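The block underneath contains the structure these notes are about, expressed in structure tokens.
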Amino acid sequence: MADVKPRSRRSSTGAAAPSAGDTPVKPPSRRSARKADEAAQDAAAGLTGRPDLGLLRQIWRFRQYGRAELRPLLTGVGMRVGELASDLATPWPLALIIDHVLKGNAPTGTLAGVAGMFGPTPVAMLAVAALGVLVITSLSGMFDYLGDRTMNSAGERITSAIRTNVFAHLQRLPMGFHDRQAVGELTSRIATDTGRIEDGLVGLFSTLIPGVLSLAGYTIVLLSVDWRLGLIALCAAPLLFVTAARYTKLTRKSTRRRRAAEGRLSGFVAESLQGIRTIHAFGRQDLHDQRFHNDNATVLRTGLRAVELRARFTPLLEAIAAVGTATLLFVGGYGVINGWWSVGVLVVVTSYLRDMLKPMRALSGLALTFTQGAASAERVAAIFDQQRPEPSPHGPLPTRVTGEIELRDVGLDYGRGPVLRAIDLLIHPGERIALLGHNGAGKSTLLSLISGLYPPTSGAVLLDGIALTTVPATWRYHQVAVVLQDTFLFSGTIRDNIRYGRPEATDTEVTHAATAALVTTFTDHLDEGLDTELSDGGIGLSGGQRQRVGIARALLTDAPIVLLDEPTTGLDADAEELVVQALTSLVTDRTVVMTTHRPALTRLATRVIHLAHGALTDEPADPARQPSAAAALASARLGSARADPAARTVGLT
């Protein structure tokens, strides 16, 4: 008889009841659940196992930007020192009134000399005290204004410099880096994180250094006034510093988690807005609402954790300070009763202890500023840590290549398996090559290698015998022009978009390229012509019109090599005919490599290459393909130099 497993008993609710031998599972506590959630956030943010380099050390990586503004920053520190001196003098007019006006004691030392200028009467000393309050307050306000203006201006310049450099570096990173990153995440780093680095750098000069100087100044003055009262007033300082250190450690991780969560949320928002047409087309607003809700909930949790830490720390700081003040009042009052010191001295010392809380609060707030700045510094430094591709040293380069392209045993792997395998191909100057193959065969990838967007994993890509990895990118841009499947147009005028690849081109040259690419056939009907303003992505132009602008852009570049990546895909017959006519001018007397499934473009080729599964094949050309009217027109314009319509097929193994 077959063994029969006993069925589990179920409770009245339908859930499986534990058997007698089962150990009851204790539900996780709220603290355990929070720790598990924070661990998951750390893993998602890439914080697991990362060494903690310290707050200042992270921000210190950007010290070269602060060094450029060192003079105004040091000037700001000087203003803070002046403000500190004014604050130290603030309680003394009150002490003068208490000890020498109300109690009738004669002033001594410097105070006696100042009071003597107005006379020894109580009214004169009241005038001295009142004037002192006005002068001290005015000086403190002036130093505060000058310090804030100087340091914040330097901070704005620091932010601008960091933002400029990180954007420039980001643009020059290889495409492999951008393929792994979300646009919104990178945008968040440039727009938000750079500002928080500024806060950290400026805080170093505007808060940390003045705060330390303030505490040192108050300590020295307290001990100078009466060392016994000074020691009593400072008894709470060690506990304050221990509390601040603990707070800094807790807020550091909380801030890093929040910045990572905010970056993911920004990335999702940018992705959704970029794909808003698809969202509307499929009506999946609900799906994006749910994903946004999940990411936003993570931001909320990390934000509430930061609020909890801040709310917990401030009362604790006040309580510790209150203990010190209470001790000082008791012992100090007892000393006044016994004649150890005067009431005025006790008032001054108590005032100093109260004023010491101001730099302590600023330093505790600076802990949050530094944690935010350090977390942002890590995120921005991660961009700077990415190495830009540097070409190997090369001798003199020709101004213009003849157009020969050679691929020697080329392979490419994006990290998910090989995309191209052992490609050996020689393209002679002036040839027009059509790359044919199924979707995913590697056609566009091959164009990306020739254009230098990606370096080959193995082998070499050469132009006129010069390996692309050994030449500067600026030289390569002048040798290769690209017309993509979906031409991207930037905000600005149509003329600016045509001039994009060659900014120094004159208006006449731009107009000539636009005419040759048939751009003027539609711009002549626009009120502003080529100076018509476009919004992001060229919205307002049809697909065929955008392609013609892209062709004009490539024509103006006047590169000897032209790459066409499915330039007529998605166009109707009329638009395709116009684009093919425009391409006729572009491909004349140039080496051309194109990917296409359209007979209109295949007819332009002098040789056809077939790709399958990332390798060259012997697959024959499809004889059923018939030339379109656009192809016939292009053939007539190219003249007798055109190859036979049944273009030769070359197979390499």
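The table that follows gives values for the structure above.
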| item | result |
| --- | --- |
| Identity of the residue in region 577-609, under 40 Å from the mean Cα position of the chain (by Cα) and farther than 16 Å from residue 513 by Cβ, that ends up modelled with the lowest pLDDT | 597 |
| Check on residue 505, loosely packed, with under 15 Cβ neighbours inside 10 Å, in contact (Cβ under 8 Å) with a residue 12 or more places away in the chain and more than 25 Å from residue 576 (Cβ to Cβ) | no |
| Test: residue 562 is surrounded by 16 or more Cβ atoms within 10 Å (Cβ to Cβ), under 19 Å from residue 430 (Cα atoms) and at pLDDT below 90 | yes |
| Search result, residues across region 376-409 that are at pLDDT below 90 and of a type in the set (Ser, Thr, Tyr) | 376, 392, 399 |
| Members of region 153-172 that are of a type in the set (A, V, I, L, M), under 13 Å from the mean Cα position of the chain (by Cα), more than 17 Å from residue 203 (Cα to Cα) and surrounded by 15 or more Cβ atoms within 10 Å (Cβ to Cβ) | 166, 170 |
| Candidate set from region 530-549 (those that are of a type in the set (Asp, Glu) and at pLDDT 85 or above); member that is nearest to the chain's Cα centre (by Cα) | 533 |
| Neighbours by Cβ (under 8 Å, 6+ apart or cross-chain): first from region 348-364, under 15 Å from residue 315 (Cα atoms) and open to solvent by less than 20 Å² (accessible area, probe 1.4 Å); second assigned to a helix (DSSP H, G or I) and of a type in the set (Gly, Ala, Ser) | 364/244 |
| Search result, residues across region 250-284 that are open to solvent by 60 Å² or more (accessible area, probe 1.4 Å) and either out of contact with any helix residue (DSSP H, G or I) (no Cβ under 9 Å at 6 or more places or on another chain) or among the aliphatic types (A, V, I, L, M) (or both) | 273, 276, 277, 278, 280, 281, 282 |
| Output for region 473-487, where each listed residue is open to solvent by 30 Å² or more (accessible area, probe 1.4 Å), among the β-branched types (Val, Ile, Thr) and farther than 21 Å from residue 388 by Cα | 482 |
| Breaking point among (1) touching a helix residue (DSSP H, G or I) at 6+ places or on another chain (Cβ under 7 Å); (2) open to solvent by 40 Å² or more (accessible area, probe 1.4 Å); (3) under 17 Å from residue 451 (Cβ atoms), for residue 469 | (1) |
| Region 565-575, residues that are of a type outside the set (Ser, Thr, Tyr) and either open to solvent by less than 20 Å² (accessible area, probe 1.4 Å) or in contact with a strand residue (DSSP E or B) (Cβ under 9 Å, 6 or more places away or on another chain) (or both) | 565, 566, 567 |
| Pairs with Cβ under 6 Å, 6+ apart, first in region 370-383 and open to solvent by less than 10 Å² (accessible area, probe 1.4 Å), second of a type in the set (Ser, Thr, Tyr) and in a helix (DSSP H, G or I) | 371/251; 371/255; 375/255 |
| In region 276-301, the residues that are at pLDDT below 85 and β-branched (Val, Ile, Thr) | 276, 278, 279 |
| Region 416-463, subset part of a loop (DSSP other than H, G, I, E, B) and open to solvent by 70 Å² or more (accessible area, probe 1.4 Å), residue farthest from residue 601 (Cα to Cα) | 416 |
| Members of region 336-347 that are free of Cβ contacts under 8 Å to residues at least 12 places away in the same chain and either of a type in the set (S, T, N, Q) or open to solvent by less than 50 Å² (accessible area, probe 1.4 Å) (or both) | 336, 338 |
| Region 292-310 - residue that is within 22 Å of the chain's Cα centre (by Cα) and not hydrophobic (A, V, I, L, M, F, W, C) and, of those, nearest to residue 256 (Cα to Cα) | 302 |
| Complete set of residues in region 190-203 that are of a type in the set (A, V, I, L, M) and either surrounded by fewer than 21 Cβ atoms within 10 Å (Cβ to Cβ) or not in a helix (DSSP H, G or I) (or both) | 190, 191 |
| Given (1) under 17 Å from residue 595 (Cα atoms); (2) open to solvent by less than 50 Å² (accessible area, probe 1.4 Å), index of the condition residue 403 fails | (1) |
| Cβ pairs under 6 Å, 6+ apart, first in region 270-281 and farther than 16 Å from residue 182 by Cα, second open to solvent by 80 Å² or more (accessible area, probe 1.4 Å) and in a helix (DSSP H, G or I) | none |
| Count of region 317-335 residues which are without any contact (Cβ under 8 Å) to a residue 40 or more places away in the chain and open to solvent by 40 Å² or more (accessible area, probe 1.4 Å) | 8 |
| Count - residues of region 527-557 that are in a loop (DSSP other than H, G, I, E, B) and either exposed (fewer than 13 other Cβ atoms within 10 Å of the Cβ) or at positive phi (or both) | 5 |
| Failed criterion for residue 586 (all others in (1) part of a helix (DSSP H, G or I); (2) open to solvent by 40 Å² or more (accessible area, probe 1.4 Å); (3) closer than 27 Å to residue 607 by Cβ hold) | (2) |
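Results for (1) under 25 Å from residue 450 (Cα atoms); (2) aromatic (Phe, Trp, Tyr); (3) in contact (Cβ under 8 Å) with a residue 40 or more places away in the chain, shown as yes or no for each residue.
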site: 463; (1), (2), (3): yes, no, yes
site: 475; (1), (2), (3): yes, yes, yes
site: 492; (1), (2), (3): no, no, yes
site: 542; (1), (2), (3): no, no, no
site: 551; (1), (2), (3): yes, no, yes
site: 565; (1), (2), (3): yes, no, yes
site: 568; (1), (2), (3): yes, no, no
site: 571; (1), (2), (3): no, no, no
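The values are calculated or read from the model by the stated rules, or taken from the named source; none is laboratory data. Just so you know, these numbers come straight off a predicted model, no measurement behind them. Glycine gets a Cβ as well: all are built from the backbone with ideal geometry, and neighbour counts include every protein chain shown. Only protein heavy atoms, including side chains, enter the accessible area calculation; ligands, DNA and RNA are left aside. Shrake-Rupley method; radii C 1.70, N 1.55, O 1.52, S 1.80 Å.
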